[in-house]
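What follows is a set of notes on a single structure, which appears directly below.
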Amino acid sequence: MSKDLREQFANAAEAGRAAFVPYVTGGFPDHGTCGELIMALDGLGSEVIEVGIPFSDPLADGPTIQQASQAALEAGATPSNVLEAVGAIAGKVDAALVAMTYVNPVLALGYVGFAQRAAEAGISGVIIPDLTPEEADDWLEACDKYGLAPVFMAAPGTPPARLERILEAGKGFLYYVSMDGVTGSDLELGTERLAAMQRVRATSSLPVAVGFGVATPAQAAALAPVADGVVVGSALVRRVQEAEGPAEAVGSLSELAAQLRGALVR
Amino acid sequence: MSSSQASSLGPLPDERGHFGPYGGRYVPENLMPALEELHAAYLAAQQDPSFHAELEDLLANYAGRPTPLYEAKNLSRELGGGRIFLKREDLTHTGAHKINNALGQVLLAKRMGKKRIIAETGAGQHGVATATVAALMGLECMVYMGTLDMERQALNVTRMRMLGATVEPVTSGSRSLKDATTQAIRDWVTNVKDTHYIIGSVVGPHPYPLLVRTFQSVIGKEARAQLLEREGKLPKAAVACVGAGSNAIGLFHPLLDDPIDLIGVEAAGYGLDSGEHSASLSAGKPGVLHGAYLYLLQDPHGQIIEAYSMAAGLDYPGVGPEHSHLKDIKRVTYATVDDTQAVQAFMDLARLEGIIPALESSHALAHLRELAPRYAKDDIILVCLSGRGDKDVSQVAAYLEKQK
C-alpha cells in the first residue's frame with residue numbers, strides 16, 4: 001500500500017526533475033472534493049502528496065492554511081475521518097502520501113494508534129512540525145512498528161550538529177524550511193539562500209524537499225537545481241479558497257499545479 | 001538557584017525542561033536555536049552578579065519591591081477561621097506581578113542583543129508590563145491581544161499604546177489569550193533573529209516555564225521572609241489563582257519544601273458542568289499546546305477547546321507544566337471558583353478592606369470563603385493578590401447591573 005519515499009525522489013531525479021510535493025488540507029473544502037484534488041494532483045505526476053490533518057492552533061502555518069484548517073474543522077474533519085478518506089483513495093494513486101499535522105491531534109489517538117491508522121490508510125510518512133527529535137522517542141518507535149517514515153524539518157538557523165541529529169532520526173526525506181516564517185509567507189530566493197540549501201543537501205543522507213513560501217513556477221524553477229523536491233501548499237490551497245465551487249477548485253488548482261510541476265525540470 | 005528549594009521533588013525541570021512528563025520543547029524547528037540561545041543567556045545571567053544587581057535595582061527602585069504583606073483583619077473576621085495575609089503584588093509598578101517577569105526577561109533580551117520585543121496578553125497586565133519595560137530599554141514592542149480581550153480590557157489597551165507599543169488585534173478563534181499566543185509564536189517564527197518573545201506565564205517551550213518561575217519566585221521568597229520576620233512562623237496555607245499559573249508558581253515554588261497546604265484556584269466560568277470555564281487541571285487532560293506538554297482543555301480529537309472566564313487573564317485552555325506535575329504528585333491542590341463567586345469576592349475585598357482586586361486575584365479570594373474556616377484562629381493563610389482591579393471596574397459594574 002504505502003510507497004517508498006526515497007524511491008519517489010529517485011524516480012524524479014532519474015527523469016531530470018526535482019520531485020513535486022503538493023499539499024492539500026484534509027477535509028477541505030469537504031472530504032469528497034479533497035479526494036478529487038488528490039486524484040488530480042496524482043494525475044499530474046506528483047511524486048509525493050502531503051495531506052494536512054487540521055489542527056485548531058497550527059503554529060507553523062500562515063493565514064491561508066490556518067483558515068482552510070478552521071473551515072475543515074467546522075465541517076467536521078477529525079484525524080480519524082481524514083485518514084479514512086485518504087485510505088479510501090490511496091490504492092488509486094501513484095504518488096506517495098504523507099500526512100502533515102501537529103502533536104496534539106496525534107496524541108489524541110496516541111502515537112501508536114495514530115501510526116497504525118496512518119499506515120492502514122496507505123500513508124508513507126508523517127510530518128509533525130512541532131515535534132523535534134528531542135521529544136520523538138515514542139513516536140519513532142511507533143513509526144518503526146508500522147513502517148512509517150517520520151519526516152523531520154530543518155531550518156536556515158539549524159546548526160550542523162542539530163542537522164546531523166535530525167537526519168539520524170528522520171526517514172523518507174528531510175523537509176527543509178526555506179526561511180524563518182510560516183507557510184505562505186513571501187519567499188525571496190537570493191543566491192545566499194540557494195547556497196544554504198545546497199549546503200544542506202550536500203550534507204544530507206536523505207532526499208531534501210524544500211517548502212514554505214513557494215508559490216510561483218519561477219520559484220519552483222529556481223529551487224529545482226538545489227533541492228530533491230519542492231513543496232507547495234498555501235498557493236494551491238488559495239486556489240481552492242478562491243474557487244466558486246468544487247469543480248472550479250479542482251480546475252484552478254490543477255492549472256497552477258501543472259505549471260509548478262512543469263517548472264521543476266533541471 | 002531556586003532548584004535547591006525543591007530538593008525533595010528533585011531538581012525540576014530536568015535538562016530538557018521536563019517536570020515529570022510535562023514541559024519539554026514542542027516547537028517548529030526554526031525556534032530551536034532561539035530557545036537554546038535563551039537558555040544559554042539565562043544560565044549565564046544566573047551566574048553573573050551584575051545581572052542580579054541590575055534586576056534587583058530595578059525591582060526595588062522601579063517596580064517597588066518588596067511589596068507589602070498586609071493582614072486583612074476585616075476579611076478574616078468576616079470569613080472566620082485563619083488569619084488572612086495578602087501579598088500585595090497589586091502595589092507594584094503597572095499594578096500586577098507581571099512586571100517581575102517582564103523586567104527579568106527584558107534584561108535577558110538586552111544581553112542577547114535583541115532589538116524587538118513581542119508579547120501576548122489576556123487581561124492586558126502582561127502586555128502593559130512588557131510595553132513598560134520595552135519603553136524603559138528603548139526597544140520596539142508589539143503586543144498580540146484577542147479582540148474580545150481588547151474590548152473588555154480597553155483601559156490596558158490605551159495604556160500599552162501610550163507606552164509606545166503596537167497592540168495587534170487577533171481575530172481568530174476565541175479572540176482571547178490562546179489565539180494571541182498562537183499569533184505571537186507565529187510572529188516569533190518569522191522574526192526570530194532580532195526578536196525576543198516575552199512569554200507572560202509559566203507555559204511555552206523550555207526554558208520559559210523555568211525562567212518565568214525564577215523571576216516570579218520573588219513573590220514567595222519575600223512573603224516567606226516577611227512572615228518569619230513579623231510573625232515568627234510560616235503560613236499553614238498559601239492560595240493563588242491559576243490561569244496558566246505564573247503568580248501561583250511564584251508564590252508556591254519557594255514554599256514547596258515547607259509543610260504548607262498549597263492551593264491553586266482555577267476559573268470555573270459559568271460552572272464546570274457548563275463546559276464554559278478555564279479549569280484545565282480540574283477538567284482537562286494532558287496534551288501539547290504552544291510548545292509544551294501540559295494539562296489542556298481539548299476535545300476527543302485533540303482540538304483545543306476555547307476557554308472561558310470573566311477574568312481575561314485566566315481565560316487560557318492550558319496550565320503550566322510544573323502545575324501539571326504538582327497536581328499529579330498531589331503537592332498542590334487545585335480548586336475552582338466561578339464568575340459569580342469571583343465577583344462576590346471582588347466586592348467583598350473592596351467593601352471590607354478598601355482594596356479593589358483584579359478579577360483574576362478575586363478567584364483566589366473567593367476560595368477563602370470555603371478555605372478559611374478550616375483553619376484555627378492563629379493559623380496564617382497567605383494569599384497572592386496578584387493584581388489590582390482598576391482594569392475590571394467597568395466590567396464588574398456592568399455585570400452587577402445585569403444581575404439587578
Would you pick out the residues in the range A:52-66 that are touching a Gly at 6+ places or on another chain (Cβ under 6 Å) and at the interface with another protein chain (Cβ under 8 Å from one of its Cβ atoms)? A:Gly62
Across (1) over 21 Å from B:Gly24 (Cα atoms); (2) surrounded by 19 or more Cβ atoms within 10 Å (Cβ to Cβ); (3) touching a helix residue (DSSP H, G or I) at 6+ places or on another chain (Cβ under 6 Å), B:Glu222 clears everything bar (3)
Matching residues, the range A:189-211, being in a helix (DSSP H, G or I) and touching a strand residue (DSSP E or B) at 6+ places or on another chain (Cβ under 8 Å): A:Met197, A:Val200, A:Arg201
Which condition from (1) closer than 30 Å to B:His93 by Cβ; (2) among the charged types (D, E, K, R); (3) at pLDDT below 95 is the one that B:Glu15 breaks? (1)
Unique residue being surrounded by fewer than 20 Cβ atoms within 10 Å (Cβ to Cβ) and at pLDDT below 95 when the list is A:Glu141, A:Glu192, A:Glu168, A:Glu164: A:Glu192
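I'm trying to understand the selection: among the residues of the range A:97-114, which are more than 27 Å from B:Leu35 (Cβ to Cβ) and either modelled with pLDDT under 95 or away from every other protein chain (no Cβ under 11 Å) (or both)?
Step one: list which residues in the range A:97-114 are more than 27 Å from B:Leu35 (Cβ to Cβ), which gives A:97, A:109, A:112-113.
Scanning the range A:97-114 gives A:Leu97, A:Val112, A:Gly113.
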Being among the hydroxyl-bearing types (Ser, Thr, Tyr) and in contact with a helix residue (DSSP H, G or I) (Cβ under 8 Å, 6 or more places away or on another chain) is the filter; apply it to the range A:164-221 and report the residue that is farthest from the other protein chains (Cβ to nearest Cβ). A:Thr216
Go through the range B:309-336 and give me each residue that's surrounded by 24 or more Cβ atoms within 10 Å (Cβ to Cβ) and of a type in the set (Phe, Trp, Tyr). B:Tyr316
Search result, residues across the range B:268-308 that are within 11 Å of chain A (Cβ to nearest Cβ) and of a type in the set (D, E, K, R): B:Lys285, B:Asp299, B:Glu306
Checking the structure you have, find out if any residue of the range B:185-199 is more than 21 Å from A:Gly157 (Cβ to Cβ) and away from chain A (no Cβ under 14 Å). no
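Looking at A:Ala155, is it within 12 Å of chain B (Cβ to nearest Cβ) and in contact with a Phe, Trp or Tyr (Cβ under 9 Å, 6 or more places away or on another chain)?
yes
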Let me confirm something: among A:Ala161, A:Ala88, A:Ala142, A:Ala118, which residue is within 11 Å of chain B (Cβ to nearest Cβ), outside any loop (DSSP other than H, G, I, E, B) and either free of Cβ contacts under 8 Å to residues at least 40 places away in the same chain or within 26 Å of A:Ser56 (Cβ to Cβ) (or both)? A:Ala161
Give me the pairs, please: first residue somewhere in the range B:153-170 and closer than 22 Å to B:Arg186 by Cβ, second residue anywhere and among the acidic types (Asp, Glu), beta-carbon distance under 6 Å, and either six or more positions apart or on two chains. B:Val170/B:Asp179
In this structure, does A:Pro150 turn out to be touching a Leu at 6+ places or on another chain (Cβ under 7 Å), more than 18 Å from A:Phe55 (Cα to Cα) and within 14 Å of chain B (Cβ to nearest Cβ)? yes
The strands (runs of 3 or more DSSP E) lying entirely within the range B:85-194 that contain at least 3 residues which are surrounded by fewer than 24 Cβ atoms within 10 Å (Cβ to Cβ) and either among the hydroxyl-bearing types (Ser, Thr, Tyr) or out of contact with any helix residue (DSSP H, G or I) (no Cβ under 6 Å at 6 or more places or on another chain) (or both) are none
Among the numbered criteria (1) crowded, with 20+ Cβ neighbours inside 10 Å; (2) more than 19 Å from A:Thr25 (Cα to Cα), which one does A:Ala90 miss? (2)
What do you reckon, is A:Ser2 part of a loop (DSSP other than H, G, I, E, B), away from chain B (no Cβ under 14 Å), among the hydroxyl-bearing types (Ser, Thr, Tyr) and under 13 Å from the mean Cα position of the chain (by Cα)? no
Would you be able to tell me the number of residues in the range B:24-50 that are crowded, with 19+ Cβ neighbours inside 10 Å and more than 14 Å from chain A (Cβ to nearest Cβ)? 3
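Does the range B:305-355 hold any residues that are assigned to a helix (DSSP H, G or I) and of a type in the set (A, V, I, L, M), and which are they? Lay out the reasoning, then the answer.
In the first step, residues of the range B:305-355 are kept if they are assigned to a helix (DSSP H, G or I); the result is B:312-314, B:321-328, B:339-353.
Within the range B:305-355, B:Ala312, B:Leu314, B:Leu326, B:Ala342, B:Val343, B:Ala345, B:Met347, B:Leu349, B:Ala350, B:Leu352 meet the criteria.
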Residue count, the range A:42-83 (criterion: surrounded by fewer than 23 Cβ atoms within 10 Å (Cβ to Cβ), farther than 23 Å from A:Gln259 by Cα and of a type in the set (S, T, N, Q)): 5
Take B:Gly164 and decide whether it is within 14 Å of chain A (Cβ to nearest Cβ) and on the phi > 0 side of the Ramachandran plot. no
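Within the range A:5-19, can you find the residues that are more than 15 Å from the chain's Cα centre (by Cα) and in a loop (DSSP other than H, G, I, E, B)? Write out each step before concluding.
Filtering the range A:5-19 down to residues more than 15 Å from the chain's Cα centre (by Cα) leaves A:7, A:10-17.
Passing the criteria: A:Ala15, A:Gly16.
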Kindly list the number of the only condition in (1) of a type outside the set (Lys, Arg); (2) outside any helix (DSSP H, G or I); (3) within 14 Å of chain A (Cβ to nearest Cβ); (4) surrounded by 16 or more Cβ atoms within 10 Å (Cβ to Cβ) that fails for B:Glu15. (4)
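Just to check your reading of the model, which residue among A:Val226, A:Val237, A:Val214 is assigned to a helix (DSSP H, G or I), β-branched (Val, Ile, Thr) and touching a residue at least 12 places away in the same chain (Cβ under 8 Å)?
None of the other options fit; the residue is A:Val237.
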May I ask you to say which residue of A:Val106, A:Val98 is among the hydrophobic types (A, V, I, L, M, F, W, C), under 25 Å from A:Ala71 (Cα atoms) and part of a helix (DSSP H, G or I)? A:Val106
Of all residues in the range B:276-304 being more than 21 Å from B:Thr333 (Cα to Cα) and touching a residue at least 24 places away in the same chain (Cβ under 8 Å), the one that is surrounded by the fewest Cβ atoms within 10 Å (Cβ to Cβ): B:Glu276
Scan the range A:26-67 residue by residue and report those that are within 15 Å of the chain's Cα centre (by Cα) and of a type in the set (A, V, I, L, M). A:Leu37, A:Ile38, A:Leu41, A:Val48, A:Ile49, A:Val51, A:Ile53, A:Ala60, A:Ile65
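The values are calculated or read from the model by the stated rules, or taken from the named source; none is laboratory data. None of the values given here were measured: they were computed from a predicted structure. No Cβ is skipped: glycine too gets one built from the backbone with ideal geometry, and neighbour counts run over all protein chains shown.
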